[in-house]
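The structure appears right after this line, and notes come after that.
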Amino acid sequence: MSEKFIYDAFQKYFKEIRSRYLTEDYTEFTLRTPFENFIKSLNNNFHLTQEPKRVQQLGAPDFKAYRKASKIGYIETKDLGKNLDNELESEQIKKYKESINNIILTDYSRFILIRNNQKIFDLNLFNLPDLNNSKFTISEDKIEEFITLVDDFFGYKIPTIKSAKELAEELSKKARLLKDLAEEQLEEDLSKVENNESPSPIHYFYEGIRELIKDINIDDCADAYAQTITYGLFLSKINCTGEFKRGNTATYIPQSIGVIKRIFTNISGGFLPSNVLWIVDEIIDILNASDIKNILSEIDFRGKKDRDPFTFFYEDFLNLYDPKKRKHLGIYYTPRPVVNFIVNSVNRILKEDFNKLHGFADDDVTVLDPAVGTGTFLWIVFLVTLGELVNSGLKGLIKNKIENHILKDFYGFEILITPYIISHLKLTTVLRQWFYKFKDNDRIQVYLTNTLEPSETHGLLPFMGELTEESLAAEKIKNKPILVVLANPPYFGSSANKGEWIDNLLKKGYTRADGTKDDGYYKVDGEPLGEKNPKWLQDDYVKFIRFSQWKIDKRGEGIIGFITNHNYIDNKTFRGMRESLFNSFDRIYILNLHGSSRKGEESPNGGVDESIFGIEQGVAISIFIKNKKFKNKKVFYADLYGKQEDKFHWLDRNRVQSVKWEEVTPKPPYYLFIPMNQEVLEEYSKLSKIDEIFKEYSLSVQTHRDSFVIDFDKKRLNKKINLFRDLNFSDEYIKKNFPVKDTSSWKVKKARETVRQIKNWQNYFTKILYRPFDTRWIFYHNSVMDRTRKKYNGTYATRKHSSFSIKTTIYSRISSCLCVRCHFRIMCCFK
Ligand SMILES: C[S@@+](CC[C@H](N)C(=O)[O-])C[C@H]1O[C@@H](n2cnc3c(N)ncnc32)[C@H](O)[C@@H]1O
């Protein structure tokens, strides 16, 4: 192209912008076409396509840029003369910069090229005042600089992604933006639904997920959506044998993962809202630029002692995608040594106590992991089963065993989509490594379902249809007799698990297979516990233990192998639970892994005692066996203290059968599962009970949202409450920016209405003695907290004595505490 031609193209562009400027018709939209023509005129291979005008804040940038047919990046335009330095600091541009590797930001006169979140060119082709000058011409230097910028921009090629770490990084960047876009779309959809307009397909996803998690909020739903799409695309790519593009992603999702396949069928059917579509294409581009073969073998190689390769990759991904979630990764996987200990112990128990010659490999052994996460338990069960065949010289049976036993009798339930995908990915890969070729109707028996609720799906909407099938299949398994239940149930009391069915199972009990009656966890020695609010019994892990106990009781025999919070073994509130478990099972083994930083646990020799999960909560492995062959019931206990690494080492080398156990004899009224000095216990029992000493007692103020209504700083608290009252902020904004969410008994919307109506709301700030000697401020009004307990409060509002396991009794200014863990009574007085 001649220099003259190029020079003319620049002057033409300047004139067009100038004429629009002079007629004051120069919004970012009116200048789009002259800009597009200008770029095309510079090189035949450069193309721009305009995105439709955005309704939402985010959405796709204004132009997609192509070199021939290859998309190379994006251009985001702003109104002529807009301050681009300010724009660079805006949320929108920050998000684009973080997620898009090659993007130009322009106000049509200044051009900033950003590559991998770095500004690499910043050029003013002309200034706003130049537009008033009819004689102005763009200088040759500027033209040259601009041509270099444009060549660099259009010359961009996504570098080949060779390592798992790079891929995790690139995927996480796109997934983050996808999440924001999905959230924006969902918010718009919800208001559309309110106005009887049709929402986008993301709304079907939301409806579908709500079948599983009733009170899921928009943020979590958008997160599930973004992770499903990103991980689903990854899954599809690693199975892809031909060209990988949006239209065919569903083809490569195994038939066996119906829900995910359906979501992807929707995607390939053009069933994606336009504001997310472009970022999905970006993810596809990244996957296409990846050396998947190399990455997979690297992933395989990186599998560590405590984690499997896919979880490891997922950890890298989460670390970048959402570091806060990464901290909670324990939600998703169980360290391998823990799983090895449990699975190998149970394999031996099956052989020794249940006459299963080859343990898990025997055809009539059924296994369920009701909180499957990324599938570590099933993974090790698969390996132990196959190992049994190899060790017994039965290698020839492997294919048949996989087809007719592993793929038929080993089940898992999971409520969240991403771990569900990962478990399928992981378990399919294991069997493929054993040279099993999956047939069309083969599937890993892991189902997307809520273990603790009966399946009630409506099957009305596209996405829900698949979910219904999945749920119905899961329901059949819920009603099937199971011999072995293995799990690491969730640590946190999750809102997902508040259903009536499991609540009844906990409270009302049931009849066992042998006709005996179980009383539930809320009674001890046939009498109600007597506590007003035994809320620890509502913890998730208690419900999962209950579910599994019920399954084994209904069958009449079986084994449970769990790792859970260790509080239930000796905390007073759990005495009904312990009695019930003691009655159901013939052998109970408790391996207390300690590691509670909350209790400041130390090894008896004074050394450190670390959590095996890197969490604050102490944990224990529990093995429960129900088998008629045992004539008397026995409970055994052992401790494992020390560093995390040493605990792993020990667990890898031991089994229930090799542990030095101490026998304990659970006795009424506490049925403790820990060894207890009987003399101390008896002396303790002789002392007066706290509620006999005090006329009034309670747990004191229970806000259930402390971090919102309590603060050290009155001004900060005032500001929070003021914002909460402010109608200019939507409920969704408040939910996103404050630690508040709807619960069954408290709704943000309703609370905001009430707070707005409080006359003299400023008068409700008062000091609270949060813990002894720990004075803070509280907005003390029943609209924002669950229990004000005004009756017990004097000048100060008072709150629980300590953050855990201390029950406080407050009367006037005397506080008396009963430490329910160590069973010593403490009295303390403070002003
Ligand atoms: C600690 S993780 C399990 C980790 C797993 N053993 C692994 O190694 O990957 C607990 C899992 O239970 C799932 N979960 C929580 N509530 C559930 C429910 N009601 N039904 C099914 N799964 C549930 C969580 O989503 C989480 O993935």
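The values are calculated or read from the model by the stated rules, or taken from the named source; none is laboratory data. Model, not experiment: these values are computed from the prediction. Here Cβ is always computed from backbone atoms with ideal geometry, including for glycine, and neighbour counts include all displayed protein chains. Surface areas here come from the heavy atoms of the whole protein model, side chains and all, with no ligands, DNA or RNA. Shrake-Rupley method; radii C 1.70, N 1.55, O 1.52, S 1.80 Å.
A few comments on the model shown:
- Surrounding net charge for LYS399, when Lys and Arg each add one and Asp and Glu each subtract one, Cβ distance under 13 Å: +3
- The residues of the chain expose, per residue, 44 Å² of accessible area to a 1.4 Å probe.
- Largest accessible area first, the residues GLU145, GLU602 order themselves as GLU602, GLU145 under a 1.4 Å probe with ligands, DNA and RNA left out.
- Cβ-Cβ distance of LEU727 and ILE120, R₀ of 51 Å, FRET efficiency by 1/(1 + (r/R0)^6): the value works out to about 0.70.
- Relative contact order of the chain, defined on C-alpha pairs under 8 angstrom at six or more residues apart (%): 7 percent
- Contact order normalised by residue count of region 7-54, Cα under 8 Å, 6+ apart, percent: 33 percent
- Efficiency of FRET from Cβ geometry, ASP774 and ARG598, R₀ 22 Å, rounded to 0.05: 0.85
- For PHE636, residues with placed amide H under 5 Å, excluding near neighbours: ILE588, TYR589, ILE590, VAL664
- Along principal axes, Cα extents of region 1-100, largest first, whole Å: 41, 36, 24
- Length gained on full extension, ASN763 to LEU397: 124.1 nm, using 0.36 nm per residue less the C-alpha separation.
- Qualifying chymotrypsin sites (Phe, Trp or Tyr not before Pro) in region 555-655, where qualification requires a DSSP coil assignment and no more than 15 other C-beta atoms within 10 Å, comprise PHE630.
- Net charge, ILE284 excluded, C-beta distance under 14 Å - Lys, Arg +1, Asp, Glu -1: +1
- Value of Rg to Rh for the chain, rounded to two decimals, is 1.03; Kirkwood radius and Rg both from alpha-carbon coordinates.
- For region 330-428, the alpha carbon positions stretch 37, 26, 19 Å along the principal axes, listed from largest to smallest.
- Full extension of the chain segment joining GLU243 with LYS660 gains 144.3 nm, where the gain is 0.36 nm per residue of separation less the Cα-Cα distance.
- The simple spin-label model puts a point 7 Å past each Cα toward its Cβ; for ASN782 and ASN355 those points are separated by 6.4 nm.
- Inter-part distance where region 406-435 and region 4-43 are each reduced to a Cα centre, Å: 56 Å
- A simple spin-label model places pseudo-atoms 7 Å from Cα toward Cβ; at LYS162 and ARG432 they are separated by 2.4 nm.
- Taken about its Cα centre, region 79-221 carries a charge dipole of roughly 540 debye when the Cβ of each Lys and Arg holds +1 and the Cβ of each Asp and Glu holds -1.
- Fraction in percent of alpha-carbon pairs per bin - 10 Å, region 543-649: 14, 43, 28, 13, 1
- From its DSSP helices (H runs of at least four residues, each -39,500 (n - 2.57)), the chain gives a residue-normalised ellipticity at 222 nm of -13000 deg cm²/dmol.
- In order through region 579-593: 3J(HN,Hα) via Karplus (6.51 cos²θ - 1.76 cosθ + 1.60), integer Hz, x for Gly, Pro: 4, 4, 5, 4, 6, 6, 10, 9, 10, 10, 10, 10, 9, 7, 8
- Highest average first, the peptides 191-199, 382-390 ordered by how many other beta carbon atoms sit within 10 Å of their residues are 382-390, 191-199.
- Here the label points at LYS629 and ASP713, each 7 Å from Cα along the C-beta direction, are separated by 6.5 nm in the simple model.
- With kT/(6 pi eta Rh) evaluated at 10 °C and eta = 1.306 mPa s, and Rh the Kirkwood radius from Cα pairs, region 590-661 diffuses with a coefficient of 119 µm²/s according to Stokes-Einstein.
- Ranking HIS47, HIS424, HIS704 from most to least accessible surface, computed with a 1.4 Å probe over the protein chains only, gives HIS704, HIS47, HIS424.
- Kirkwood analysis of region 166-284, using all unique Cα-Cα pairs, places the hydrodynamic radius at 14.6 Å.
- Per-residue SASA entry for LYS95, accessible area with 1.4 Å probe, Å² rounded to 10: 50 Å²
- Portion, in percent, of the accessible area of the chain that falls on carbon or sulfur, probe 1.4 Å: 49 percent
- P(r) tail for region 94-200: Cα pairs beyond 17 Å make up 68% of the total.
- Subtracting the Cα-Cα distance of THR265 and ASP503 from 0.36 nm times their residue separation leaves 81.9 nm of extension gain.
- Residues whose amide H lies under 5 Å from that of PHE413, counting only those 5 or more places away or on a different chain, are ASP369, ALA371, VAL372, TYR447; hydrogens are built 1.01 Å from N in the peptide plane.
- Computed E for LYS480/VAL608 - FRET, C-beta separation, R0 45 angstrom, nearest 0.05: 0.50
- C-alpha center-to-center spacing [region 217-246, region 509-544] in angstrom: 42 Å
- Fraction of the pair-distance distribution of region 183-233 above 13 Å, Cα-Cα pairs, percent: 56 percent
- Amide H partners (placed H, <5 Å) of PHE121, local residues excluded: LEU113
- Mean separation of Cα contacts under 8 Å (6+ apart) over length of region 504-621, as relative contact order %: 25 percent
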